[in-house]
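Bear in mind these aren't lab numbers, they're just calculated from the coordinates by the rules spelled out. Treat the numbers as computed from the prediction; the structure is a model and nothing was measured. Cβ sites come from the backbone with ideal geometry, for glycine too, and all protein chains shown count toward neighbours.
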Amino acid sequence: MTTDPIERELLMGLARNERKATETIYKQHYNMVQAMVINNSGTADDARDIFQEAIMVVYEKVKSDEFELHCRLKTYIYSVARRLWLKRLQQITRFSSEVDDVAESVPVEEELEQHELQNQAFHMMEKAMHSIGEPCKSLLESYYIHKKNMAEIAGDFGYTNADNAKNQKYKCLTRLKKLFFAQYKNQAV
């Protein structure tokens, strides 16, 4: 099946209809499939459908005795979901070309690698945000996530005016960049 004992156990659990195995596979791989579908003209509903279909394909394969997985489970699920999505797009738009022709235009490995690099960057940014401390963390979240303007932030954080809040935001952002790029540099080594 696969050489990774954790993935082997997940696949065996899926074959036995174990809820925990299905939930684990969902948690580990759904976001990747959702990003692929949405980035290729799909919706969140399309992504849910494609992921369910992909899991059914994996389930059917695992139930057969001949199934051998020669790559990571993540890669396999991604390629199955990608193929299903390309077929769906072909049906929707009635492309005249074959799915194989479309599938060859963007290799799965490149797309998956790009997605993994983006995920690593998000994790590093999240780690840097946790390391930056208060009030910088809250100030940056107020501005970038909650979309508050500088006057609101000045009031919330007790700054005398919006310019002082803007100045502090700049200092916090500079610290965040230093933390992020220090992690990035350490990971690249």
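Restricting the search to region 59-95, which residues are of a type in the set (A, V, I, L, M, F, W, C), under 16 Å from H115 (Cβ atoms) and not in a loop (DSSP other than H, G, I, E, B)?
Listed by number, the residues that qualify are L73, I77, V80, A81, W85.
Does any residue of region 78-87 turn out to be closer than 14 Å to E111 by Cβ, of a type in the set (A, V, I, L, M, F, W, C) and in contact with a Gly (Cβ under 8 Å, 6 or more places away or on another chain)?
Checked against the condition, which is being closer than 14 Å to E111 by Cβ, of a type in the set (A, V, I, L, M, F, W, C) and in contact with a Gly (Cβ under 8 Å, 6 or more places away or on another chain), region 78-87 yields at least one hit.
Please determine, by comparing only the residues of region 19-58 that are in contact (Cβ under 8 Å) with a residue 24 or more places away in the chain and not in a helix (DSSP H, G or I), which one is surrounded by the most Cβ atoms within 10 Å (Cβ to Cβ).
Top of the filtered list is G42.
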